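Notes to accompany the following structure.
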Amino acid sequence: MKPILLQGHERSITQIKYNREGDLLFTVAKDPIVNVWYSVNGERLGTYSGHTGAVWCVDADWDTRHVLTGSADNSCRLWDCETGKQLALVKTNSAVRTCGFDFGGNIIMFSTDKQMGYQCFVSFFDLRDSSQIEDNEPYMKIPCSDSKITSAVWGPLGEYIIAGHENGELNQFSAKSGEVLMNVKEHTKQINDIQTSRDMTMFITASKDNTAKLFDCTTLDHLKTFRTERPVNSAALSPIFDHVVLGGGQEAMDVTTTSTRIGKFEARFFHLGVEEEFGRVKGHFGPINSVAFHPDGKSYSSGGEDGYVRIHYFDPQYFEFEFEV
């Protein structure tokens, strides 16, 4: 399994994301650059230039027409995917931590950090109504006074969003009324990442409490737990197998030179049914901050604290592998 190495960032990677077809891979980092790559060969297609601070999140809509990014420069920006032109700019009072398009690509949501005296908000904009962007007036803004949102995704059919908080809580917020539909607390520490399954029925969370957990999207029932001995920064579900990939490592400030040697920065593969680890992939010289499966399940990518993105195409043995219980 020889990886394709993507070198397009000067600082550590914050998020990587495939579009729905999987032909493009979007990467953002703690530098102001937003990159898009061909996933098949790792060639860089282009950049989206305009941010002036670290970019925390990226998303592409259903038919890959638009790209959404949120940054520490207190803005959320909408781009034309093909031309790289900036289509809209929404200014915020604090850093934008998470962002996403709903299923139809018409409604965007983003959450802002609790900092500099401002509390954490989730804002919803309807892109069909251009006055909302121009006047910076979202059709709905939900305050989160208790614990700030550290990751969020849209639920199925765009009816609600699922948000993970700094204190380990999960909430479902209605995209219509803004009320909390469900609330569970299975994690003891911050939720770093949430990713849904291909059919949007389940999602997986990655947490600082050294676990990743599988939940039902609608009921928030806790289904499975994957335990490691260090913080999990990101987790993704395979679209074709019952496999989970976890990426993590210690906090960047605790990293020592011996860590790479003893394999603290490997991507770890778990079997969904029996919650057992069955494989590891080495490569990064630092914690893995973001992992993503290709929509066809034949490859996965990881982005690390070392500023590199690696695309891994699975060997034929992976597809023949039978997990023995």
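The values are calculated or read from the model by the stated rules, or taken from the named source; none is laboratory data. Computed from a predicted structure; not experimentally measured. All Cβ positions, glycine included, derive from the backbone under ideal geometry; neighbour counts span all protein chains shown. The area values use the complete protein model at the heavy-atom level, side chains included, leaving out ligands, DNA and RNA. Shrake-Rupley method; radii C 1.70, N 1.55, O 1.52, S 1.80 Å.
General remarks:
- Rolling a 1.4 Å probe over the heavy atoms of the protein chains gives the chain an accessible area of 43 Å² per residue.
- Relative contact order of the stretch 266-325, defined on C-alpha pairs under 8 angstrom at six or more residues apart (%): 23
- Translational diffusion of the stretch 78-142, µm² s⁻¹ [Kirkwood Rh, Cα pairs; Stokes-Einstein; 4 °C; 1.567 mPa s]: 104
- The value given for the stretch 2-318 is a Kirkwood hydrodynamic radius of 19.3 Å, derived from the mean inverse Cα-Cα separation.
- Contact order, relative form, for the stretch 2-318: 13 percent (alpha carbon pairs under 8 Å, 6 or more residues apart, mean separation divided by residue count).
- Value at 222 nm in deg cm²/dmol, rounded to 500, when DSSP H runs of n ≥ 4 in the chain each add -39,500 (n - 2.57): -1000 deg cm²/dmol
- Rounded to the nearest 20 debye, dipole of the stretch 161-205 from Cβ charges on Lys, Arg, Asp, Glu: 60
- Size of electric dipole in the stretch 2-318: Cβ of Lys, Arg +1 and of Asp, Glu -1, about Cα centre, debye, nearest 20: 740
- According to the Cα-based calculation, Rg over Rh for the stretch 23-85 is 0.94, with Rh computed by the Kirkwood formula.
- Ordering 296-305, 124-133 by mean Cβ neighbour count within 10 Å, with the highest value first, yields 296-305, 124-133.
- Each residue of the stretch 153-169 was assigned a 3J(HN,Hα) from its phi angle through the Karplus curve 6.51 cos²θ - 1.76 cosθ + 1.60 (θ = phi - 60°); the sequence is 9, 6, x, x, 6, x, 7, 8, 10, 10, 10, x, 10, 4, 8, x, 6 Hz, with glycine and proline shown as x.
- Portion, in percent, of the accessible area of the stretch 2-318 that falls on carbon or sulfur, probe 1.4 Å: 48
- Cα shape, the stretch 1-133, gyration tensor, a/c 1.5 rule: oblate
- In this structure, the residue pairs whose Cα-Cα separation is over 20 Å, taken from Lys148/Lys189; Lys176/Lys224; Lys17/Lys114, are Lys176/Lys224; Lys17/Lys114.
- Each 5 Å bin, from zero up to the one with the longest distance, holds this percent of the alpha carbon pairs of the stretch 130-241: 2, 12, 22, 23, 18, 11, 6, 4, 1, 0.
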